[in-house]
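Inspection log for the structure reproduced underneath, given as structure tokens.
The values are calculated or read from the model by the stated rules, or taken from the named source; none is laboratory data. The structure presented is a predicted model; accordingly, all values stated were derived computationally and were not measured. Counting neighbours? That spans all protein chains shown, and the Cβs are built from the backbone with ideal geometry, glycine included. For the accessible areas, the whole protein counts, side chains as well, though only heavy atoms, and no ligand, DNA or RNA atoms are used. Shrake-Rupley method; radii C 1.70, N 1.55, O 1.52, S 1.80 Å.
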Amino acid sequence: MDPATLATWGLPGLFLIAMMAGSVVPVPSEALLVAIIYGGVAPSTAAIVATVGNVLGALSLYVLGKWVSRGGGGRLGRWVARRREREGPRLARAEAWMRAWGGPVLILSWMPVVGDVFVLGAGVAGVRLLPFLVFTAMGKGLRYGIVAVSAMSAL
């Protein structure tokens with residue numbers, strides 16, 4: 001999709017795209033953030049909307065991790081189990097980091113691909129909800145803040 005087209009959706013569209021990007025759906029949330037800023041939306045507002053959407057999307061992975069760690073999931077649990085097998089060593093390292101460091105590791109949740117593993121690992125490892133939300137929001141907010149500032153400096 002063209003970011004200019006997506007920008008016509010405005011802040012609600014940014015929220016939805018960022019929420020999908022926070023889950024396992026690869027969508028261009030940063031490109032849409034930049035397009036919306038270029039369209040005249042305040043960078044701070046756009047960054048906050050994108051951060052909230054992205055954290056809510058990450059929450060879906062966190063809940064999935066908690067659910068799967070308790071033996072649930074059905075088809076979805078089997079999909080996660082296959083992903084765990086495929087990404088076994090990386091996910092095992094993320095879970096070990098979660099158990100050792102807890103929530104602060106989630107500041108790294110902004111990273112592509114690896115961030116999703118940390119988020120899922122937080123659910124599996126049993127990181128409490130409040131630290132999950134705080135540290136995930138810090139990491140993702142930092143990423144969107146940097147993108148927003150970069151977009152403004154390019155104007």
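Could you check the range 109-123 and list, in sequence order, the residues that are open to solvent by 20 Å² or more (accessible area, probe 1.4 Å), β-branched (Val, Ile, Thr) and either within 12 Å of Asn54 (Cα to Cα) or part of a helix (DSSP H, G or I) (or both)?
Val114
Looking only at the range 68-86, decide whether some residue is farther than 30 Å from Ala148 by Cβ, open to solvent by 40 Å² or more (accessible area, probe 1.4 Å), charged (D, E, K, R) and at pLDDT 85 or above.
Scanning the range 68-86 turns up no residue that is farther than 30 Å from Ala148 by Cβ, open to solvent by 40 Å² or more (accessible area, probe 1.4 Å), charged (D, E, K, R) and at pLDDT 85 or above.
Would the range 86-100 turn up any residue that is touching a Ser or Thr at 6+ places or on another chain (Cβ under 9 Å) and assigned to a helix (DSSP H, G or I)? Before you say what the answer is, go through the steps one by one.
In the first step, residues of the range 86-100 are kept if they are touching a Ser or Thr at 6+ places or on another chain (Cβ under 9 Å); the result is none.
So far as the range 86-100 goes, no, none of its residues is touching a Ser or Thr at 6+ places or on another chain (Cβ under 9 Å) and assigned to a helix (DSSP H, G or I).
If you check Gly139, Gly103, which single one turns out to be small (Gly, Ala, Ser) and surrounded by 23 or more Cβ atoms within 10 Å (Cβ to Cβ)? Full working, then the answer.
Details: Gly103 fails: surrounded by 23 or more Cβ atoms within 10 Å (Cβ to Cβ).
None of the others qualify; the one that does is Gly139.
Scan the range 24-36 residue by residue and report those that are under 16 Å from Gly141 (Cα atoms) and either in contact with a strand residue (DSSP E or B) (Cβ under 7 Å, 6 or more places away or on another chain) or open to solvent by less than 20 Å² (accessible area, probe 1.4 Å) (or both).
Ser29, Leu32, Leu33 - these are the residues of the range 24-36 that are under 16 Å from Gly141 (Cα atoms) and either in contact with a strand residue (DSSP E or B) (Cβ under 7 Å, 6 or more places away or on another chain) or open to solvent by less than 20 Å² (accessible area, probe 1.4 Å) (or both).
Going residue by residue through the range 131-153, is there one that turns out to be touching a Lys or Arg at 6+ places or on another chain (Cβ under 6 Å) and either on the phi < 0 side of the Ramachandran plot or hydrophobic (A, V, I, L, M, F, W, C) (or both)? First the steps, then the outcome.
Taking the range 131-153 and keeping what is touching a Lys or Arg at 6+ places or on another chain (Cβ under 6 Å), we get none.
No: zero hits.
Mind listing whichever residues of the range 37-60 are in a helix (DSSP H, G or I), open to solvent by 40 Å² or more (accessible area, probe 1.4 Å) and either free of Cβ contacts under 8 Å to residues at least 12 places away in the same chain or β-branched (Val, Ile, Thr) (or both)? Working first, answer last.
Here is the first cut: in the range 37-60, the residues in a helix (DSSP H, G or I) are 37-38, 43-60.
So of that shortlist, the ones also open to solvent by 40 Å² or more (accessible area, probe 1.4 Å) come out as 38, 44-45, 48, 52, 56, 59-60.
Correct list: Thr45, Ile48, Val52.
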